[in-house]
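*Asks:* I'd like to ask some things about the structure below.
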Ligand code: UD1
């Protein structure tokens, strides 16, 4: 296994470029399954474990996939299997994104149930509800979701999601691309990753309207054509890098990023006393002498993202006063807190609310990553902790951050990646 060894206490300054978005790349890759001829080129795809896992899944289904210099070439003309196996789905829940496109193109899809998640229950009922509404029969057999089109083709229909879900919106969209007539998705997710998926599908010939609104309209088409498309930047990576500047009292510019997509968090940085300067495609954060306590509530886009909640808690350990962080999306996503407390933080959790008493002097020790964003939070804490912090099990981090230690080191951090063996 590998760990990051962080020599804390260095101020981070400088300019760093954002990578392509993981959460956008995965549905784009799934959408290639809808195209039955030609080669699709996807640019700005980050070099990450999750991208490799999704590529393996596409290859398992029969696709040809090659990856070079952040560009994926995918041909899905010869898909020979419609089953996503447990071994791949358990590594990455986003594998469920193949359900909608396989069902739409082949009339049948079989996807292993994803199993547990490190931060509480993550049901898939809304994905299944959408497939059923569109005219599929959905059963669970031997641990697999079996979805089959009743009749010749899925049928356009109105889907009303009771809860906003990024994944279920993406799956419903992809399933509806070939459905007969018009599908309306109400309470659809409006995340930039969903907007990007719509744009890619339309670039291939789909007819999706009201993009970026919570009421998407999809008029079914007969087929899609291969196309070339550039992915968006990773907004969570950009915000994590800015947090690295803020937590160490430095000044950081991230480039290749659209400030408009980060508005909710940039506003929160300003409340902490940070100065935010935006330009076309770049954001600069300048730290104050002392960070001010700032409460956040994680909610669907355009509000504060749950994927930044853990990093914000790390930041608030260094802010003056008592702050509160509530997660309204994942009520149990707080595995990072006991680890932060081991570094010397003073944080209490009650239900889905963390109370952070700051500022606290953190002291380096060994801490354990439990999920992707929790790992990022521990790395941030390690940057400001006195002495050496070792963040173990960083395979979680590698799922979602492209060369994070290299990026942070280029800003002045001292982080080493080291192989180790865990005691059993
Ligand atoms: C995506 C992101 C993840 C992010 C999350 C919320 C990817 C690959 N992952 O996950 O990083 O943390 O959005 O912004 O893009 N829900 C149901 N039933 C369902 C589906 C979801 O009740 O069938 C609930 C979930 O439990 C959660 C809420 O809906 O409370 C939002 O989850 P959702 O948007 O679906 O998350 P993902 O798409 O899985």
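*Asks:* Restricting to Cα atoms and excluding each atom paired with itself, what does the Kirkwood estimate give for the range 335-390 in Å?
*Replies:* So the Kirkwood estimate lands at 11.3 Å.
*Asks:* Same structure, new question: Sum -39500 (n - 2.57) across every DSSP H segment of at least 4 residues in the chain, then divide by the residue count to get the 222 nm mean residue ellipticity, nearest 500.
*Replies:* Per the formula, -9000 deg cm²/dmol.
*Asks:* Working only with C-alpha atoms, what are the Rg and Dmax values of the range 243-399, expressed in angstrom?
*Replies:* Radius of gyration, then largest Cα-Cα span, for the range 243-399: 14.6, 40 Å.
*Asks:* Still on this structure: Just need the relative contact order of the range 22-230 here, percent rounded to a whole number, with Cα pairs under 8 Å and 6+ apart.
*Replies:* Dividing the mean separation by the residue count of the range 22-230 yields 21 percent.
*Asks:* Rounded, prolate or oblate: which fits the range 271-358 when a ≥ b ≥ c are the square roots of the eigenvalues of the alpha-carbon gyration tensor, with rounded for a/c under 1.5 and prolate only if a/b beats b/c?
*Replies:* It comes out oblate by the Cα gyration axes.
*Asks:* Expressed as an acute angle from 0 to 90° and rounded to the nearest 10, what is the orientation of the C-alpha long axis of helix 372-384 relative to the principal long axis of the chain?
*Replies:* 20 degrees
*Asks:* What is the ratio of the Cα radius of gyration of the chain to 2.2 N^0.38 Å, with N the residue count, to two decimals?
*Replies:* It is 0.99.
*Asks:* What is the distance in Å between the Cα centres of the range 320-358 and the range 1-15?
*Replies:* Their Cα centres are 22 Å away from one another.
*Asks:* Output needed: percent of Cα pairs per 5 Å distance bin for the range 22-230, bins running from 0 to the one holding the longest distance.
*Replies:* Pairs per bin, as whole percents: 1, 8, 17, 22, 23, 17, 9, 2, 0.
*Asks:* To two decimal places, what compactness ratio does the range 61-111 give when its Cα radius of gyration is scaled by 2.2 N^0.38 Å?
*Replies:* 1.21
*Asks:* Where does helix 166-176 land angle-wise versus the long Cα axis of the chain, in degrees 0 to 90, nearest 10?
*Replies:* Taking Cα atoms only, the helix is inclined about 20 degrees.
*Asks:* Now a separate question. If you take the square roots of the eigenvalues of the alpha-carbon gyration tensor of the range 369-421 and sort them as a ≥ b ≥ c, do you get rounded (a/c under 1.5), prolate (a/b over b/c) or oblate?
*Replies:* Cα axes put the range 369-421 in the rounded bin.
*Asks:* Given axes a ≥ b ≥ c from the Cα gyration tensor, I'd like to know whether the range 19-121 is rounded (a/c under 1.5), prolate (a/b larger than b/c) or oblate.
*Replies:* oblate
*Asks:* If all Cα-Cα distances of the range 171-273 are sorted into 5 Å bins from 0 onward, what percent lands in each bin, rounded to whole numbers?
*Replies:* 2, 11, 19, 17, 13, 11, 10, 8, 5, 3, 1, 0
*Asks:* In addition: What relative contact order, as a whole-number percentage, does the range 30-145 give when Cα pairs under 8 Å and 6 or more residues apart are counted?
*Replies:* About 23 percent, as a whole number.
*Asks:* Could you state the angle between the C-alpha long axis of helix 235-247 and the longest principal axis of the C-alpha atoms of the chain, as a value from 0 to 90 degrees rounded to the nearest 10?
*Replies:* In the chain, helix 235-247 runs at an angle near 0 degrees to the longest axis.
*Asks:* Relative contact order of the chain, please, whole-number percent, based on alpha carbon pairs below 8 angstrom and at least 6 residues apart.
*Replies:* For the chain, the relative contact order is 21 percent.
No lab work stands behind these numbers, since they all come straight from the coordinates. All values reported here derive from a predicted model rather than from experimental measurement.
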